[in-house]
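Here is the structure we will look at.
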Amino acid sequence: MPYSIELLGALALITNFIGYRQNTVNRYRLVSAIALAFLSWHFFLLGAMAAGIGLALGAIRNIVALRYRQRGILYLFVLLNILFCLWEWFILGNSALLFIAYVSSLIFTVGSIVLESAVSIRRWFVLAELLGLVYAVLVGSVFGVLFNISNLSSIFIKLHSDAKQNKAVQSAKKL
């Protein structure tokens, strides 16, 4: 496997790690867009077109969401995901694996633009990351697997931390 494929995967993983440490939503979106672009390129080089397209759309979506979050933007990105999925399935005749990647991409798209609750977003993103993990395993992307495991770990750690904090608040209210 060419080193450039692994290098792009490693850059995606490192950039994503940096993204999760940003203090503002827009800085996170920007750094995350860069990570998604690296991972998209990584999957394109692996020949995993569905993930490449879905991640490229995610990177563009994050850039657009820096300024715009209206329903029309959501509809545009949902439509683009569906059109690319249908194009791959009916025109290119790619394998049914593509549905895993596009469902994951659609969950991220809707969650990023529509959901308001951080807890709801994290819960839906667990499903999206699990789908991404399955896809990465099936197409043989080591860094895709690491990327998804890293994201899942971050989500679970945050959910656990929030649950502990809520429990402490509830205990304090009882006093």
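Which residue fluctuates most in the GNM of the chain (Cα springs below 10 Å): G54, G93, G144? Maximum among the listed residues: G93.
Carbon and sulfur together cover what percent of the accessible area of the chain at a 1.4 Å probe radius?
Values: 6960 of 9890 Å².
Carbon-and-sulfur percentage of accessible area, whole number: 70.
When K164, K174, K158 are compared by accessible surface with a 1.4 Å probe, the order from highest to lowest is K174, K164, K158. Computed from Cα positions, the angle between helix 142-174 and the longest principal axis of the chain comes to roughly 20 degrees. What you get for the stretch 1-92, charging only the Cβ of Lys and Arg (+1) and of Asp and Glu (-1), is a dipole of about 540 debye around the Cα centre. Full extension of the chain between I60 and L138 gives 25.6 nm of extra length, using 0.36 nm per residue less the Cα-Cα distance. Taking the average, over residues, of other Cβ atoms within 10 Å as the packing measure, peptides 22-30, 165-173 rank 22-30, 165-173 from highest down. The phi-based Karplus calculation (6.51 cos²θ - 1.76 cosθ + 1.60; θ = phi - 60°) puts the 3J(HN,Hα) values of the stretch 51-60 at 5, x, 5, x, 6, 4, 4, x, 5, 5 Hz, whole numbers, x for Gly and Pro.
Averaging 1/r over each pair of different alpha-carbon atoms in the stretch 1-88 and inverting the result gives 13.5 Å, the Kirkwood hydrodynamic radius. May I ask for the distance between the Cα centers of the stretch 55-116 and the stretch 26-44, given as a whole number of Å? Taking the Cα centre of each part, the stretch 55-116 and the stretch 26-44 sit 14 Å apart. In the elastic network of the chain, a GNM with C-alpha springs shorter than 10 Å, the most mobile of A128, A33, A163 is A163. Projecting the Cα atoms of A96, S120, N151 onto the charge dipole of the stretch 34-175 (Cβ charges, centred on the Cα centre) puts S120 farthest toward the positive pole. Helix 71-86 and the long axis of the chain differ in direction by around 40°, with both axes built from C-alpha atoms.
Based on alpha-carbon centroids, what's the gap between the stretch 156-175 and the stretch 123-147 in Å, whole number please? Taking the Cα centre of the stretch 123-147 as reference, the centre of the stretch 156-175 is 29 Å away.
Surface exposure of the stretch 26-128, expressed per residue as accessible area with a 1.4 Å probe, stands at 51 Å². For Cα Rg over 2.2 N^0.38 Å, computed directly from the structure shown, the correct entry in (1) 1.90; (2) 0.99; (3) 1.08 is (3). Ranked by the mean number of other Cβ atoms within 10 Å per residue, highest first, peptides 116-124, 79-87 order as 79-87, 116-124. Local charge for S154 was computed over the other residues whose Cβ lies under 14 Å away, with Lys and Arg +1 and Asp and Glu -1, and equals +2. Ignoring ligands and nucleic acids, what accessible area does L115 show with a 1.4 Å probe (Å², nearest 10)? Surface open to solvent at L115 totals about 50 Å². Straight-line cross-link partners of K174 among the aspartates and glutamates, defined as a Cα under 17 Å from its Cα and at least 8 positions apart when in the same chain, are absent.
Ranking F84, A12, A168 by how far each Cα lies toward the positive end of the dipole of the stretch 1-173 (charges on Cβ) leaves A168 at the top. The angle separating the long axis of helix 118-139 from the principal Cα axis of greatest extent in the chain is about 30 degrees.
Take every pair of alpha-carbon atoms less than 8 Å apart whose residues are at least six positions apart; their mean separation over the length of the stretch 1-173 yields a relative contact order of 19 percent. Across the stretch 90-95, rounded Karplus estimates of 3J(HN,Hα) from the backbone phi angles (6.51 cos²θ - 1.76 cosθ + 1.60, θ = phi - 60°) give 8, 8, 7, x, 5, 5 Hz, Gly and Pro being marked x. When you restrict to C-alpha pairs under 8 Å that are six or more residues apart and normalise by the size of the stretch 1-43, the relative contact order lands at 48 percent. Net charge dipole, the chain: roughly 940 debye, given to the nearest 20, about the Cα centre with Cβ charges of +1 for Lys and Arg and -1 for Asp and Glu.
The values are calculated or read from the model by the stated rules, or taken from the named source; none is laboratory data. The model shown is predicted, which means the values in this text are computed figures rather than measured ones. Every residue, glycine as well, gets a Cβ built from its backbone with ideal geometry; the counts of neighbours run over all protein chains shown. For accessibility, only protein heavy atoms count, side chains too; no ligands or nucleic acids. Shrake-Rupley method; radii C 1.70, N 1.55, O 1.52, S 1.80 Å.
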